[in-house]
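Asker: Below is a structure I'd like to ask you about.
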Amino acid sequence: MTNAFVSPDQIRQAFSAAMSAMYRDEVPAYGVLLKLVSDVNSRTLSRNSELRSQLEAEGSLERLSDERHGAIRLGRADELAMMRRAFAVMGMFPVGYYDLSEASVPVHSTAFRPVEQASLNQNPFRIFTSLLRLDLIRDEGLRSEAQAILAKRKIFTDGAIALIDKAEAQGGLSAQDAERFVAELLETFRWHATARVSHDLYSRLHSAHRLIADVVCFRGPHINHLTPRTLDIDEVQRLMPEYGISPKAVVEGPPTRECPILLRQTSFKAIAEPVSFVEADGSKVQGAHTARFGEIEQRGVALTPKGRALYDRLLDVARQDVRPAPDGSNAAEYQKALEAAFRNFPDDWDTIRREKLGYFTYRVADRSCVGDIPVSEATLDRLVEAGAVACSPVIYEDFLPVSAAGIFQSNLGDDPAQEFVRSPNQRLFEEALGAQVLNEFEHYAAIEAASIKRCLAQLEAVAA
Ligand code: OOG
Ligand code: NI
């Protein structure tokens with residue numbers, strides 16, 4: 001009966017399309033961002049025919065402006081565990097552990113995403129998923145109040161849970177069930193204009209940390225942003241005001257480079273949305289909540305631990321020099337400091353590869369170029385140089401904690417951030433998740449190693 005099931009990749013495709021439609025409807029400014037991204041992408045492509053043919057060859061031209069990721073924030077361990085099961089139905093698995101406490105955001109996170117290359121090619125949609133850490137609230141009274149409120153909410157519909165159970169029991173879902181599953185699960189991410197708390201409690205949670213209010217006061221983990229891919233992030237950042245949307249102060253991540261590394265992101269600032277608060281006597285008080293925004297991303301090569309250490313160090317140098325102010329007043333200085341620091345990160349593919357700063361895949365280019373070079377892993381660089389072997393950068397499919405913190409902060413308002421003690425706790429996170437997260441470095445290293453093995457085996461087969 002297995003062939004009666006829809007593939008998880010197809011369910012994820014339907015889910016990301018449904019999320020996109022819902023979010024455009026809920027946050028009209030997001031529709032404006034999509035239009036801007038698609039305008040800039042088509043202009044970039046018309047100027048750069050090489051890029052166009054490359055995307056065409058990869059088969060990614062059609063889905064160019066589709067969403068690449070979104071983000072949610074959960075309040076309870078069991079919500080995270082059920083979310084893991086829901087995402088597994090769509091072929092999305094937890095990759096990476098991100099501790100945001102060190103950046104003064106009281107959450108820790110993972111990214112649920114497709115892992116296999118074929119699945120990523122079909123639809124790379126990921127959800128950056130954070131779990132609130134109430135243990136970081138200092139005020140004990142407020143902490144137990146928040147806990148009690150969270151304890152009473154139910155973020156999944158009965159229909160969604162039944163279909164998750166069914167998918168696990170049978171090993172998949174039929175087309176009809178998959179359609180129902182997407183519709184039921186969508187309910188979890190919907191915006192609720194009526195809060196579950198009084199205005200006073202909202203204000204107290206909000207002053208403990210805006211993010212705590214965002215998680216605790218609502219019926220569910222409203223999707224807080226979606227993120228399409230842009231071919232020119234600097235251009236989208238520059239044009240946002242012309243389209244009537246207000247960009248965050250700076251682009252997160254590395255500066256503009258010849259050879260893109262890791263991930264660059266920016267967003268338009270979250271908008272204030274009207275909310276009714278429910279008082280003890282049942283009456284309603286009108287207020288507003290600012291949490292939801294739109295983001296864009298541009299990805300480059302995945303870095304090795306050595307490359308990542310260099311990236312982290314250079315980013316630190318730049319930020320020691322100029323700390324980007326939320327109001328954008330020193331954005332140009334920050335940009336300069338960033339560019340200056342990153343002059344120390346090699347900016348040609350060959351050096352990045354030879355110095356083992358980034359991950360690459362290898363393939364046979366021209367067997368006749370092997371000549372008398374012995375075929376072995378030790379001679380790989382010589383084989384590349386001779387033109388026998390070609391390589392391409394492995395694209396980074398994950399996230400960056402400092403960038404994520406910048407995205408969180410700029411959408412939680414411009415007040416100075418509350419400080420938390422740095423306290424990563426991957427074990428506690430995995431306990432809540434009910435599974436271990438995949439280590440992203442090990443994963444990229446395995447992709448590289450497998451490609452080398454395949455490539456050498458093919459060359460040897462000819463040599464023999
Ligand atoms: C998530 C922020 C992290 C990213 O792109 O780095 C993120 C959030 O604000 O909940 O999505
Ligand atoms: Ni994001």
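The values are calculated or read from the model by the stated rules, or taken from the named source; none is laboratory data. Note that the structure is predicted; figures quoted are calculated from it, not measured. Positions of Cβ are generated from backbone atoms using ideal geometry, with glycine treated the same way; all protein chains shown enter the neighbour counts. Ligands, DNA and RNA are excluded from the accessible area calculation, which covers all protein heavy atoms including side chains. Shrake-Rupley method; radii C 1.70, N 1.55, O 1.52, S 1.80 Å.
Asker: Quantify, in whole percent, the carbon and sulfur part of the accessible surface of the chain (1.4 Å probe; protein heavy atoms only). If you can, show how the numbers build up before the last one.
Answerer: On the way: 10240 of 20200 Å².
Roughly 51 percent, rounded to a whole number.
Asker: Starting from the Cα-Cα distance between R363 and R427, subtract it from 0.36 nm times their residue separation and give me the gain in nm to one decimal.
Answerer: Details: separation 64, 0.36 × 64 = 23.04 nm, distance 3.82 nm.
Contour length minus the Cα-Cα distance gives 19.2 nm.
Asker: Report ³J(HN,Hα) in whole Hz for each residue of the stretch 310-326, in order, from the Karplus equation J = 6.51 cos²θ - 1.76 cosθ + 1.60 where θ = phi - 60°; Gly and Pro get x.
Answerer: 5, 4, 4, 5, 5, 4, 5, 4, 4, 6, 5, 6, 9, 8, x, 7, x
Asker: Once every DSSP H run of n ≥ 4 in the chain is given -39500 (n - 2.57) and the sum is divided by its residues, what mean residue ellipticity at 222 nm do you get, rounded to the nearest 500 deg cm²/dmol?
Answerer: -14000 deg cm²/dmol
Asker: For every other residue with a beta carbon closer than 11 angstrom to the beta carbon of A71, add +1 if it is Lys or Arg and -1 if Asp or Glu, then tell me the sum. Each step should come with its number before you reach the end.
Answerer: Values: positive: R73, R126, R292; negative: E295.
Combined, the nearby Lys, Arg, Asp and Glu give +2.
Asker: The chain: D in µm²/s via Stokes-Einstein (Kirkwood Rh, Cα pairs, 10 °C, 1.306 mPa s)?
Answerer: Working: Rh = 23.7 Å.
Approximately 67 µm²/s, per Stokes-Einstein.
Asker: Okay, moving on. Give the lysines reachable from K306 as a straight Cα distance under 20 Å; neighbours fewer than 8 places away on the same chain don't count.
Answerer: K356
Asker: Send over a whole-number figure in Å² for the accessible area per residue of the stretch 270-397, probe 1.4 Å.
Answerer: Values: 6260 Å² over 128 residues.
Result: 49 Å² of accessible area for each residue.
Asker: Please compute the per residue accessible area over the stretch 156-255 with all protein chains in place, 1.4 Å probe, rounded to a whole number of Å².
Answerer: Details: 3590 Å² over 100 residues.
Value for the stretch 156-255: 36 Å² per residue.
Asker: ³J(HN,Hα) across the stretch 402-411 via Karplus (A = 6.51, B = -1.76, C = 1.60, θ = phi - 60°), whole Hz, x for Gly/Pro?
Answerer: 5, 5, 4, 4, x, 5, 3, 4, 6, 9
Asker: Next question. Which stretch or stretches of the stretch 223-250 have amide N atoms under 18 Å from the point lying 7 Å from E26's Cα along the Cα→Cβ direction?
Answerer: Under cut-off, by backbone N: 223-228.
Asker: I want to make sure I understand the PRE zone here: with the label point 7 angstrom from the Cα of D135 toward its beta carbon, which residues in the stretch 425-461 have backbone N atoms less than 14 Å away?
Answerer: 425-433
Asker: Additional query: Length gain on complete extension for the stretch E50 to R354, per 0.36 nm per residue less the alpha carbon to alpha carbon distance?
Answerer: Values: separation 304, 0.36 × 304 = 109.44 nm, distance 2.55 nm.
Between E50 and R354, full extension yields 106.9 nm more.
Asker: Go through the stretch 187-192 residue by residue and turn each phi into a ³J(HN,Hα) via Karplus (6.51, -1.76, 1.60, θ = phi - 60°); whole Hz please, and just put x for glycine and proline.
Answerer: For the stretch 187-192, the Karplus curve yields 4, 5, 9, 6, 7, 10 Hz.
Asker: Hey, what angle do you get for helix 8-26 against the long axis of the chain, alpha-carbon based, 0 to 90 degrees rounded to 10?
Answerer: Taking the Cα atoms of the chain, the angle to 8-26 is about 50 degrees.
Asker: Then there's this: Could you give the length gained by full extension between E116 and H192, i.e. 0.36 nm per residue of separation minus their alpha carbon distance, to one decimal place? Kindly include the intermediate steps, with their values, before the conclusion.
Answerer: On the way: separation 76, 0.36 × 76 = 27.36 nm, distance 3.48 nm.
Gain in length upon complete extension: 23.9 nm.
Asker: Let me ask you something else. Roughly what angle does helix 140-151 make with the longest principal axis of the chain, taking Cα atoms, 0 to 90 degrees, to the nearest 10?
Answerer: 80
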